[in-house]
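One structure below.
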Ligand code: FEO
Ligand code: CA
Ligand code: CA
Ligand code: CA
């Protein structure tokens, strides 16, 4: 049995100190290595990356920019080989090109950016004695870019709202964009969320369309000016192209010839991710957050049941499950008097931010539950539907995952500096208890009787993040003198012992300290004992954590991106050192061992 002060299994490491170093810092006794960097070739015959000689044709066959989500599908029981899949969320042109002229990007620069978005699929391999995964050329290797065809499926496929001059069927879209987090399905495919798609579409101004403004599609020219090189980014010429982004996509990495899918039944918003839990009767439930201030948490319940097994036929069936079901949105209720939620983060008199909640139906197939909206409209303009049914406005719902053993749902609520500050915006509520919320919180949600299909739930805040010496932070009730500071939780993951791991995207909010990856027990006397496992280089975000038995990998997104920096004024030379420009990369960390590799923690 565990006793207080003794680390639970999987978390036996000495926490690293917060810092501002231009390197990845790991605990004593651990080693690290770069798995893959922006521009590394994924196919034979593709040249090595050359910062000063980039082309779109090369980028189509190289690892993309700003890796966020990552997954490993093991190809052998020892996890010596696997298929790695990563998202490439967005491009940062001033950091990708020397002398970048934002007012007049070249056509080649724009086409490089189209090719640097999307996903990468590639085989990885390590030796028995090292955790250092390296990429390999294989039949699985693939790039998904803005030029890759997707099939639109589910109840809004073929809707007039999705038709364009290039695609009069409303069922075929080229590419995916701003893919943030994601998930691995129980049937071995990848789900990925199209997040901040609004920023890519020009000329919304003057259209006076609440369906655009509700999604933050505003203004005239875009920052990247893509609309100059393809009319699909210009709303004045292609008003519906914008409706073809903001979905959950599904990709089968086992079949490099498969066409990826956009699942309209999960609704359209700034999807951070989607993750699946299988109900006792085989139906599947998908949870997804809309990552923006004051947005909502959603749940989808399928009508069909999952087929077990790893056959291609089973996978083909399971890839239809997210096309047919019911979409819900969450409404939270606190159990403490509103007068006790004072906006500081001070715990109410019952000692907890907690309460109950319900899942409100929005649409099922062709049936809408929202007055004044058709089902198609609910799927394409889901935010407006959720507004109408009185869903609860949350502090930026980021990653959301179910505990593999208990089914409890964990959601990172990253931060919300507008709560109770911006005129007209909502103030503190029990699930979002701080005004000017810089550091965020981690939500625990338990479905009624633990049933994935339940339509009511209990909830509580597990962490109220920040510096532990701030009296209005909360670490699961643990002794705060023993925990690491944390701000802006973004991704959540679990290890095989059921501990929670959290990666952060604080963008300097933790007094300018670097982002990192943390481990924390959820049960027993050590519940809430949060420890910092690693930090990433200055300006970078820690994302895509994969907590393996012997190897932990994280993505380091946008290293060196701090205000005032650029490719002409770099503040980071990670990971290539010397005078090199920073490159978003995947990093592997493992425990040093004399013989076979030791277990993490
Ligand atoms: Fe792309 Fe929600 O972080
Ligand atoms: Ca309470
Ligand atoms: Ca994220
Ligand atoms: Ca984020």
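Could you check the simple spin-label distance between residue 17 and residue 451, using points 7 Å along Cα→Cβ, in nm with one decimal?
Here the answer is 5.3 nm between the modelled labels.
Sticking with the crude label model, points 7 Å out along Cα→Cβ, report the distance from residue 280 to residue 481 in nm, one decimal please.
Placing both labels 7 Å beyond Cα along the Cβ direction yields 4.6 nm.
Using the Kirkwood radius over Cα pairs, work out the Stokes-Einstein diffusion coefficient for the chain at 10 °C and 1.306 mPa s, in µm²/s as a whole number.
Values: Rh = 24.2 Å.
D = 66 µm²/s.
Would you mind ranking 500, 80 so that the residue whose beta carbon has the fewest other beta carbons within 10 Å leads the list?
Details: 500 26, 80 15.
Result, fewest neighbours first: 80, 500.
Rg(Cα) of the range 352-444 divided by 2.2 N^0.38 Å?
1.25
Computed FRET efficiency, Cβ-Cβ of residue 28 and residue 562, R0 35 Å: what is it to the nearest 0.05?
Values: r = 28 Å, r/R0 = 0.81.
E between residue 28 and residue 562, to the nearest 0.05, is 0.80.
Going by the alpha-carbon gyration tensor, a ≥ b ≥ c the square roots of its eigenvalues, is the range 483-601 rounded (a/c under 1.5) or, if a/c is not under 1.5, prolate (a/b greater than b/c) versus oblate? Intermediate values should be presented prior to the final figure.
Values: a/c = 2.79, a/b = 1.50, b/c = 1.86.
Oblate, because a/c is 1.5 or more while a/b does not exceed b/c.
Starting from the Cα of residue 101, step 7 Å along the direction of its Cβ; do the same at residue 307; then give the gap between the two resulting points in nm.
Between residue 101 and residue 307, the label points sit 5.7 nm apart.
Can you compute the FRET efficiency between residue 436 and residue 257 using 1/(1 + (r/R0)^6), with r the Cβ-Cβ distance and R0 = 45 Å? Round to the nearest 0.05.
Details: r = 50 Å, r/R0 = 1.12.
That gives a FRET efficiency of 0.35.
List 269, 137 from most exposed to least, where exposure is judged by having the fewest other Cβ atoms within 10 Å. List each step's numbers first, then the result.
Values: 269 30, 137 14.
In increasing order of surrounding Cβ atoms, one gets 137, 269.
Multiplying the sequence separation of residue 576 and residue 76 by 0.36 nm and subtracting their Cα-Cα distance, what value in nm do you get?
Working: separation 500, 0.36 × 500 = 180.00 nm, distance 3.11 nm.
Stretched fully, the residue 576-residue 76 segment lengthens by 176.9 nm.
Sum -39500 (n - 2.57) across every DSSP H segment of at least 4 residues in the chain, then divide by the residue count to get the 222 nm mean residue ellipticity, nearest 500. Numbers along the way, then the final one.
Details: 7 runs with 42 residues, N = 601.
Here the helix-only value at 222 nm equals -1500 deg cm²/dmol.
Grab the Cα-Cα distance for residue 358 and residue 139, subtract it from 0.36 nm times how many residues apart they are, and report the gain in nm with one decimal. Before the final figure, lay out the partial values.
On the way: separation 219, 0.36 × 219 = 78.84 nm, distance 4.55 nm.
Separation in residues times 0.36 nm, less the Cα-Cα distance, equals 74.3 nm.
R0 = 35 Å: FRET efficiency of residue 129 with residue 108, Cβ-based, nearest 0.05? Before the final figure, lay out each step's value.
Working: r = 44 Å, r/R0 = 1.25.
So the FRET efficiency works out to roughly 0.20.
Using alpha carbons only, how many angstrom separate the centre of the range 453-516 from the centre of the range 543-586?
23 Å
Just so you know, all these numbers are worked out from the coordinates, no wet-lab data involved. This is a predicted model, so every value here is computed, not measured. Note that we place each Cβ from the backbone using ideal geometry, even for glycine, and neighbour counts take in every protein chain shown.
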